[in-house]
Amino acid sequence: MIDFHCHLDLYENPTLVSQRVVAEGLYLLAVTTSPRAWAGTRALFASLPRIRIGLGLHPQLIAERYAEVDILCELVSQARYIGEIGLDGSAEHLANIELQTRVFRQILSVCAKDGGRILSIHSRGAASAVLDELERCPGAGVPVLHWFSGSRKELDRAIALGCWFSVGPAMLRGEKGLTLAGAMPRNRVLTETDGPFAQERNKPLMPWDVVLAEDRLGKLWGRPPPKVREQLLQNLQTLTVPQS
Ligand code: MN
């Protein structure tokens, strides 16, 4: 199983969660919301098998923490995965979308200068704006759009730009998410939970709950769960930044 977007450091007991992640053989990308959290999260989990740590600065924190972009940019050379980064255009965060855009652009450009990275990207209410930035900076790496909620047209544009997608149980609960997921190229889809923020039945999703996403993808693809898992693991193996 794969949880390609999980806030492992934000669970009530991250160590306990990480132990079960290892025991279940999960592949997990622990994204961080601030570069200040990256070193600590790495110290705790980076030595564990199949767990990788993303260096991030969440767009919803930009208003207070935009200055941390400089810390992030200095650490890019040490990180293989970048995230959670991106733009948030929902009502609560729209006021600072210009500041968010400057920060996102700066991160993408540093990644591009250093050969590109695998990027876990938030694009809520800002799919077109995120795609504009990715288009401006094609060397930034491989964008994995997490919980994509744009329009069908925006999805087609993302696919044409080479984006990947991580989809979770929460996204695959509704009709819109299912329709979008059904239109994504199967060889560019990964599963995620976005736990502990995303929930199922009023409880935070746990990394092993990606099984719910596998089930829903299976119905969508008309494939049995073991075949779905096989496809997802194959996808993960091909997810690399192309050498320029
Ligand atoms: Mn997230």
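Worth pointing out:
- On the basis of the beta-carbon distance and an R0 of 22 Å, Ala43 and Ser109 show a calculated FRET efficiency of 0.20.
- Cβ crowding within 10 Å averaged over residues, with 178-191, 120-133 ranked highest first: 120-133, 178-191
- Accessible surface calculations at 1.4 Å, restricted to protein heavy atoms, place the stretch 1-141 at 43 Å² per residue.
- Accessible area of the chain belonging to carbon and sulfur atoms, whole % at 1.4 Å probe: 51 percent
- Rolling a 1.4 Å probe over the protein chains gives Tyr66 an accessible area of about 110 Å².
- Inter-label distance, Glu135 to Arg173: 3.3 nm, where each label sits 7 Å from its Cα along the C-beta direction.
- Table column - 3J(HN,Hα) (Hz), the stretch 95-111, Karplus curve with 6.51, -1.76, 1.60, x for Gly and Pro: 4, 10, 5, 5, 5, 4, 5, 4, 5, 4, 4, 5, 5, 4, 5, 5, 4
- The Cβ shell under 11 Å around Ser77 holds other residues with a net charge of +1, Lys and Arg each +1, Asp and Glu each -1.
- Helix content alone sets the calculated 222 nm mean residue ellipticity of the chain: runs of n ≥ 4 DSSP H residues at -39500 (n - 2.57) each, divided across all residues, give -12500 deg cm²/dmol.
- The distance between label points at Ala67 and Ala183 comes to 4.3 nm (points 7 Å beyond Cα on the Cα→Cβ vector).
- Amide hydrogen neighbours beyond the local backbone of Tyr81, cut-off 5 Å, H modeled: Leu55
- Anchor Lys153: lysines whose Cα lies under 19 Å away (excluding residues fewer than 8 positions away in-chain): Lys176
- Three semi-axes of the equivalent ellipsoid, the stretch 1-151, Cα gyration tensor, whole Å, largest first: 25, 16, 15
- Span from the the stretch 55-94 Cα centroid across to the the stretch 143-171 one, whole angstrom: 19 Å
- Fluctuation leader among Arg152, Arg117, Arg105 - the chain, Gaussian network, Cα springs under 10 angstrom: Arg152
- Separation in nanometres of the label points that stand 7 Å from Cα toward Cβ, at Thr238 and Arg80: 1.9 nm
- P(r), alpha carbons of the stretch 86-244 - 10 Å bins starting at zero, rounded %: 11, 38, 37, 14, 1
- Derived scalar couplings between HN and Hα for the stretch 50-64 equal 6, 9, 10, 10, x, 8, x, 8, 5, x, 6, 9, 4, 3, 8 Hz in order, rounded to whole Hz, by the Karplus curve 6.51 cos²θ - 1.76 cosθ + 1.60 (θ = phi - 60°), x for Gly and Pro.
- For a label point 7 Å along the Cα-to-beta-carbon line of Ser90, residues of the stretch 194-209 with backbone N under 15 Å: 194-200
- The charge dipole of the stretch 123-244, taken about its Cα centre with unit charges on the Cβ of Lys, Arg, Asp and Glu (plus for the first two, minus for the last two), comes to roughly 320 debye.
- Positive-pole candidate from Val144, Ser77, Pro224, dipole of the chain, charges at beta carbon: Pro224
The values are calculated or read from the model by the stated rules, or taken from the named source; none is laboratory data. Please read all numbers here as calculations on a predicted model, not as lab measurements. Note that each Cβ is placed from the backbone with ideal geometry, even for glycine, and that neighbours are counted across all protein chains shown. The accessibility values were calculated without ligands, DNA or RNA, using every heavy atom of the protein model including side chains. Shrake-Rupley method; radii C 1.70, N 1.55, O 1.52, S 1.80 Å.
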